[in-house]
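A short worksheet on the structure shown next.
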């Protein structure tokens, strides 16, 4: 397990204040880390030591039990400085939520306790080769008194920094002795378990330092009490998917704000006015002023909608309890998050591209690496297509159809 000793956070105000301080630290050197693909081990250690990774641990287990709105704001603040670092704990929070919704008391005590002490969880979820991203080929099956995990996972964000891996698996055959029915299970296992091989091979154009490599599981032996059935969280009105999507929207909104800030700073310091404007400074060009106003409205709209979506998720879950809410409340939360995701996606991609439009030729210099905002936005927003967000919003309006419960909505 991690050697980091984590502080304890007790309030939303404290969490936000710490996030702002860390963001100021993480902003220094973010572009250089991206250019060199320098993995942020010291920064992730700082994040874990700050106590922010434990803010969703239920109060019954010693945590701050902070609401989704607060978690989203923490993620957004950090993403304004370095969206790579903001994305690294995304799955950490999602799989803590799975434990809250579907873990048994012993599992909750064990893993919540580890996180309070500074442990970090990364996902091993996505695969290649199936008909769709929802197909799972990685298996867990009985092996004597234990179980065996075999398969390969890709895009395992945060795996290079993780103490624990949350591995999405498929059990095909029931095992009465172990009390397991067929279905999907998440296996929680230490990252250094024999048979686990973490490969640093992530080569995306953006989000380059998220540690999103490949993990191979070759005959990995686990105990029954390391398995959590996923169905209780995913196929019930829990808000599980809405919470996960809220954090994705927070990352995109943070990228948008970071890009707008970078554009503002660059134009103030380095841009020259276009000669037809008849002004001495770029910041006095009326067309440039107009464009900045348009971009600012897009970013502010994304941030406001993110806050509204967070409030809807807060209302759709019970942070200190079983996590069940009314189907209507969860549906409202999912639709609100879908709206936030659309606007954050739009703002992140538009502003990070417009940075060069308003900055001029000088802004394209490779040594400045200002394009990391666009590369990060373009890469992260590929996580799930917003075209399906529009579909579910439209169906809810026209058909009174509730959005799906499948973990990514």
Check your understanding: In terms of the Cα gyration tensor, with a ≥ b ≥ c the square roots of its eigenvalues, is the range 1-71 rounded because a/c is under 1.5, prolate because a/b exceeds b/c, or oblate?
Key -> prolate
Revision key, fill the gap. Here, residue 223 and residue 287, labelled 7 Å along Cα→Cβ, have an inter-label distance in nm of 6.9
Practice item. Please work out the ratio of the alpha-carbon Rg of the range 235-399 to 2.2 N^0.38 Å and round it to two decimals. Key: 1.24
Check your understanding: So if we plug the beta-carbon distance of residue 27 and residue 200 into 1/(1 + (r/R0)^6) with R0 = 30 Å, what FRET efficiency do we get, rounded to 0.05?
Key -> 0.75
**Study point:** Helix axis angle, 286-316 relative to the chain longest principal axis, alpha carbon, degrees
**Key:** 20
Practice item. Based solely on C-alpha atoms, express the radius of gyration and the Dmax of the range 55-183 in angstrom. Key: 16.3, 50
Check your understanding: In a GNM of the chain with a 10 Å cut-off on Cα contacts, which of 107, 38, 207 has the highest mean-square fluctuation?
Key -> 38
Study note, to complete from the structure: In this structure, the FRET efficiency calculated for residue 388 and residue 270 from their beta-carbon separation, with R0 = 35 Å, to the nearest 0.05, is 0.30
Study note, to complete from the structure: Once residue 177 and residue 304 are pulled to full extension, the length gained, defined as 0.36 nm per residue separation minus their Cα-Cα distance, is 40.6 nm
Review point. On a 0 to 90 degree scale, rounded to 10, what angle separates helix 105-116 from the longest Cα axis of the chain?
Key: 40
**Study point:** Ellipticity estimate at 222 nm from DSSP helix runs (n ≥ 4, -39,500 (n - 2.57)) divided over the chain, nearest 500
**Key:** -16000 deg cm²/dmol
Check your understanding: Say we join alpha carbon atoms closer than 10 Å with springs in a Gaussian network model of the chain; which of 372, 92, 235 then has the biggest fluctuation?
Key -> 235
Point to revise | Förster-model FRET efficiency, 22 Å R0, residue 134 and residue 400, C-beta, rounded to 0.05 | key: 0.30
Review point. Helix 327-359: angle to the longest alpha-carbon principal axis of the chain, degrees 0 to 90, nearest 10?
Key: 40
Exercise for review: Considering only 22, 52, 99, give the residue with the highest GNM mean-square fluctuation for the chain, with springs between Cα atoms whenever their separation is below 10 Å.
Suggested key: 22
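The numbers here are math on the coordinates, done by the rules we state, and not lab data. Not measured: the values here are computed from a predicted model. Ideal geometry is used to build each Cβ from the backbone, glycine not excepted, and the neighbour counts take in all protein chains shown.
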